[in-house]
1. Give me the mean projected area, in nm² to one decimal, of the convex hull enclosing the Cα positions of region 104-155.
2. Which Cα, out of G163, L138, V36, lies furthest along the positive dipole direction of the chain (beta carbon charges, K/R +1, D/E -1)?
3. Mind checking the dipole of the chain: about its Cα centre, +1 per Lys or Arg Cβ, -1 per Asp or Glu Cβ, Debye to the nearest 20?
4. Explain nothing, just the number: dipole magnitude of region 66-129 about its Cα centre with +1 on each Lys and Arg Cβ and -1 on each Asp and Glu Cβ, in debye rounded to the nearest 20.
5. Measuring from label point to label point, each 7 Å out along Cα→Cβ, what is the A5 to A143 span in nm?
6. List the relative contact order of region 75-175 as a percent without decimals, with contacts defined as Cα pairs under 8 Å and 6+ residues apart.
7. So with the 1.4 Å probe, I'd like the accessible area per residue for region 1-96, rounded to whole Å².
8. Using the Cα gyration tensor of region 20-97, with a ≥ b ≥ c the square roots of its eigenvalues, what is the shape: rounded (a/c below 1.5), prolate (a/b larger than b/c) or oblate (neither)?
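The values are calculated or read from the model by the stated rules, or taken from the named source; none is laboratory data. These numbers come from a predicted model, not from an experiment. A quick note on method: Cβ atoms are made from the backbone with ideal geometry, for glycine too, and the neighbour counts reach across all protein chains shown. Heads up: the accessible areas ignore ligands, DNA and RNA and are worked out on the full protein's heavy atoms, side chains in. Shrake-Rupley method; radii C 1.70, N 1.55, O 1.52, S 1.80 Å.
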Amino acid sequence: GFDDATQVVMVAFVPGERLANLAHAGADPVALCGRVGQWLAAFHGAREVTEAAFDARGPLRHVPEAAEYLPEAYTEARVRLAAQALALQGTRHRRAVLHGDLNASNLIVSGAVMTGIDFENLHAHPALRDAGQVLAALHLRAAEAPGQILPEPWRAAFEAAYGPCGALLDFFVLQ
């Protein structure tokens, strides 16, 4: 809680292992994706959830233009991502309060309990933005990362716990 005398926010220590460390150590990524789906469903459902039409302009502002020193592949990937976003324009989706910095290091696992830490910018945005961030981070940390960023078994485990996501999940994983 907030300490008025010292003007400091006090948080409790969260025991456990970071999701990133578990993935790197070889934990089953399908099981981890299911756990992430459960945690995110509970987190997003804890506050008001609304429905809205996807607006491609918002997410694309977070993908910087390529600097001249970046490889041409970056520019090509950015163009493909923009095309994918524009194709999704108007798609109905859930809006919820987001974590703001969700990645595989900001989820702590202790036995059957998963806890989110390091929350930032708690505002309503497309809920799948959180999912895309953590699933992409999980892919980067997995001991044996598959060739595709979101393999079907990972997606199925996540959606079984979170609910159907559609093409917006793919967009936010790539973003």
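1. On the way: hull surface 18.6 nm².
Averaged projected area of region 104-155's Cα convex hull equals 4.7 nm².
2. Most positive-ward Cα: G163.
3. Numbers: 13 positive and 19 negative charges, 79 e Å.
Around 380 debye, computed over the chain.
4. Values: 6 positive and 6 negative charges, 95 e Å.
That gives a dipole near 460 debye.
5. Taking the two extended label points, one gets 4.8 nm.
6. Values: 109 pairs, mean separation 30.5, N = 101.
RCO, region 75-175: 30 percent.
7. On the way: 6470 Å² over 96 residues.
Result: 67 Å² of accessible area for each residue.
8. Details: a/c = 2.71, a/b = 1.22, b/c = 2.23.
Verdict is oblate for region 20-97.
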